[in-house]
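Everything on this sheet refers to the single structure shown next.
The values are calculated or read from the model by the stated rules, or taken from the named source; none is laboratory data. Keep in mind it's a predicted model, so treat the numbers as computed, not measured. Backbone-built Cβ (ideal geometry, glycine too); neighbour counts: all protein chains shown.
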Amino acid sequence: MLRHPLSLLLGNQRLLGMVVTMLCLLGIAAYSTMPRQEDPSFPYRAGMITVNYPGASAEAVERLVLRPLSDELRQVEELDISQGTARTGVALARLRLRDHIYDTDQAWDRVRLAMERARQDFPDGVGLMSLDDRLIDIPAIVLAVGGSSSVTELSDVAERLKQNLLDITG
């Protein structure tokens with residue numbers, strides 16, 4: 001008769017020690033071979049399309065520009081959210097890619113193709129159409145404080161450094 005695997009493991013101290021040791025060794029091996037980046041990259045999932053239509057009312061921009069653009073964008077599978085806004089002389093479409101998309105360059109290329117298809121339905125006079133697919137591409141810095149001091153002292157130094165950096169204008 002087979003016993004429950006957990007009771008077998010807990011009842012045999014040598015087997016339990018061996019399993020725990022193996023799991024620890026596998027964890028250390030996995031951690032040591034894990035890829036690391038000093039500056040990790042993040043997928044660009046947010047974008048904004050801007051279409052200029054000089055002199056057109058907000059209603060005309062919505063009807064003649066935003067609707068055809070939205071129709072084409074709905075065919076892009078990678079898009080999660082597409083919200084459009086029509087203003088006098090300009091159409092804005094805020095886009096977000098689905099969370100499981102990591103090859104964002106290819107997805108943004110599909111969005112550009114949809115934009116070109118939509119352009120064929122635009123009236124004469126529609127000007128520049130652009131896609132900003134790097135909306136979250138903002139410079140950042142990561143600082144680490146280390147030394148032989150105690151954790152409390154290092155924490156105090158880090159807080160003072162943080163305040164000094166926040167006080168910098170510009």
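A few comments on the model shown:
- Condition check for Asp39 on (1) within 24 Å of Asp132 (Cβ to Cβ); (2) loosely packed, with under 10 Cβ neighbours inside 10 Å; (3) of a type outside the set (Val, Ile, Thr); (4) modelled with pLDDT of 90 or more: one failure, at (4).
- Checking Ser82 against (1) in contact with a Pro (Cβ under 7 Å, 6 or more places away or on another chain); (2) part of a strand (DSSP E or B), the condition it does not meet: (1)
- When Gly127, Gly147 are checked against the criterion of being at positive phi and of a type outside the set (Phe, Trp, Tyr), Gly147 stands alone in meeting it.
- Neighbours by Cβ (under 6 Å, 6+ apart or cross-chain): first from the stretch 107-120, assigned to a helix (DSSP H, G or I); second of a type outside the set (A, V, I, L, M, F, W, C) and surrounded by 21 or more Cβ atoms within 10 Å (Cβ to Cβ): Trp108/Asp133
- Within the set Arg160, Arg112, the sole residue that is within 22 Å of Tyr53 (Cα to Cα) and either of a type in the set (Lys, Arg) or outside the structural domain of Arg67 (by TED's automatic domain parsing) (or both) turns out to be Arg112.
- Of the residues contained in the stretch 88-104, one or more are found to be part of a helix (DSSP H, G or I) and closer than 26 Å to Pro68 by Cα.
- Of Val61, Val20, Val51, all but one fail to be in the same structural domain as Pro123 (by TED's automatic domain parsing), of a type outside the set (S, T, N, Q) and without any contact (Cβ under 8 Å) to a residue 60 or more places away in the chain; the exception is Val61.
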